1. Say we look at segment 133-144 and pick out the residues that are open to solvent by 60 Å² or more (accessible area, probe 1.4 Å) and in a strand (DSSP E or B); which of these is farthest from SER85 (Cα to Cα)?
2. Pull up segment 67-98, narrow it to residues that are open to solvent by 10 Å² or more (accessible area, probe 1.4 Å), free of Cβ contacts under 8 Å to residues at least 40 places away in the same chain and among the small types (Gly, Ala, Ser), then point me to the one that is farthest from GLY136 (Cα to Cα).
3. Looking at segment 52-64, is at least one residue open to solvent by less than 50 Å² (accessible area, probe 1.4 Å), in contact with a helix residue (DSSP H, G or I) (Cβ under 9 Å, 6 or more places away or on another chain) and in contact (Cβ under 8 Å) with a residue 60 or more places away in the chain?
4. Go through the residues of segment 90-99 one by one and say whether even a single one is more than 20 Å from GLU120 (Cα to Cα) and assigned to a loop (DSSP other than H, G, I, E, B).
5. Any residue in segment 22-35 that is modelled with pLDDT under 90, open to solvent by 60 Å² or more (accessible area, probe 1.4 Å) and in contact with an Asp or Glu (Cβ under 8 Å, 6 or more places away or on another chain)?
6. On the given criteria, is LEU61 within 25 Å of LEU127 (Cα to Cα) and modelled with pLDDT of 95 or more?
7. Considering segment 113-123 alone, what residues qualify as being loosely packed, with under 14 Cβ neighbours inside 10 Å and either part of a strand (DSSP E or B) or basic (Lys, Arg) (or both)?
8. Going through ASP79, ASP70 one at a time, which residue ends up being touching a Pro at 6+ places or on another chain (Cβ under 7 Å), part of a loop (DSSP other than H, G, I, E, B) and more than 14 Å from LEU52 (Cα to Cα)?
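The values are calculated or read from the model by the stated rules, or taken from the named source; none is laboratory data. On a predicted model such as this, the values are computed, not experimentally measured, just so you know. For neighbour counting, all protein chains shown are included, and Cβ atoms are generated from backbone atoms with ideal geometry for every residue, glycine included. Heavy atoms of the whole protein, side chains included, go into the accessibility calculation; ligands, DNA and RNA do not. Shrake-Rupley method; radii C 1.70, N 1.55, O 1.52, S 1.80 Å.
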Amino acid sequence: MTIKILITALEYALLFCICAFVYKTMRAMYFDIREKAYSKNEAHAEKKVALLILQSYDERLLNKRILFSDMLTLGRGPDNDIVLSDAYVSHHHAVISPIKNQYQIEDLHSRNRTYVNETELDNKIFLQNEDIIKIGTTIFRFER
């Protein structure tokens, strides 16, 4: 009779150990999945595009990387997001706007035009990764 009680106690102990193992494993998986979900959301929220200045009349701007996620205005006027002190740049020269998950550049009827990949910009176009934008004597690379 005591052997039967001992075997039953061992069975319950083994069952307890299995339940504890399953609980710990499920808990670890839950926190791992939760952590990955939050880090993905943070990475997506902080993901921005950039303009890298490859060439400029203003040497202070050379190799500068400008991160942005909202509308970005470019021109000679002090009210622009990127101010280019260049005689070939209009007061309000161009604007880059986010549209859904893409970015669109528009020339604002500037006198010396805006160029994307050495093609004069007639209207608005969507930018692709590593497109080259020329405004006046300043050359940017769009990075996504």
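1. ARG141
2. SER69
3. yes
4. Looking through segment 90-99, none of the residues is more than 20 Å from GLU120 (Cα to Cα) and assigned to a loop (DSSP other than H, G, I, E, B).
5. No.
6. no
7. Scanning segment 113-123 gives THR119, GLU120.
8. ASP70
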